[in-house]
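Report on the structure given below.
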Amino acid sequence: MSTRSQIRFIDADNGSVAQVYKHSDGYPTGVLPLLAQVRQCARPSPQYNAATFIFAGKLASGNLVDDERYYDPEQWGDLYDDMYPRVALGYGVEDPSTGIHGDEEYLYRVITSGQSELQGTDDWYVEYAERDDFPRFRDLDDLDDGVTAWDVADFSTKAPLYAHLEMEGLDVPYELSDGRTTKV
């Protein structure tokens, strides 16, 4: 069974939001390392960071560049067949105004800018809610018009990205905002 999740990238300065659906490995140890990768090449655009998250996830699941067929367009069909469904499925770009599907296990909010004023850090600030912390399936029907699961979720797990990586015991190379590189 897959652990589905939705990840919102939020620019707190201008309110811009981009949302990604992740079909599997949506638990923190499956999402946080990808966020750390994306953070290393981030731009001040939630849309760019969301697209990079999808790209990083597909690369991680497919390991395409290690296959000689990757470099021969005549063999891409065979490569695709071998890689499917690992690279063909698994991610989607979502409309933030529509909420969630209802079968997600985790919701993540990734505040990518403006957080120094909000949270006292210039690192990405990550909040997440687990399945019992937001309405799912039929419970979504009980929400008032215009209210989504995102609006009522209890994002009780909140910390800078590097702190989440540390809490989960993930050994991920990570460059801090002052230029130091650390493994947390």
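To keep it simple, each residue is scored yes or no on (1) at pLDDT 60 or above; (2) of a type in the set (Asp, Glu).
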residue: Glu74; (1), (2): yes, yes
residue: Asp78; (1), (2): yes, yes
residue: Asp82; (1), (2): yes, yes
residue: Pro85; (1), (2): no, no
residue: Gly102; (1), (2): yes, no
residue: Glu105; (1), (2): yes, yes
residue: Val110; (1), (2): yes, no
residue: Glu117; (1), (2): no, yes
residue: Tyr125; (1), (2): yes, no
request  = Among what's in segment 87-96 and is closer than 16 Å to Ile7 by Cβ and either in a loop (DSSP other than H, G, I, E, B) or among the small types (Gly, Ala, Ser) (or both), pick the residue that is modelled with the lowest pLDDT.
outcome  = Gly90
ask   = For residues in segment 139-173 being of a type in the set (Val, Ile, Thr) and part of a loop (DSSP other than H, G, I, E, B), which is surrounded by the most Cβ atoms within 10 Å (Cβ to Cβ)?
value = Val172
query = Considering segment 38-47 alone, what residues qualify as being buried (at least 16 other Cβ atoms within 10 Å of the Cβ), part of a helix (DSSP H, G or I) and in contact (Cβ under 8 Å) with a residue 24 or more places away in the chain?
reply = Arg39, Pro46
query = Hey, among the residues in segment 1-14 that are under 15 Å from Thr112 (Cα atoms), of a type outside the set (D, E, K, R) and at pLDDT below 90, which one's surrounded by the fewest Cβ atoms within 10 Å (Cβ to Cβ)?
reply = Asn14
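The values are calculated or read from the model by the stated rules, or taken from the named source; none is laboratory data. Owing to the predicted nature of the structure, the values given are computational and were not obtained by experimental measurement. FYI the Cβ positions are ideal-geometry reconstructions off the backbone, even for glycines, and counts take in every protein chain you see.
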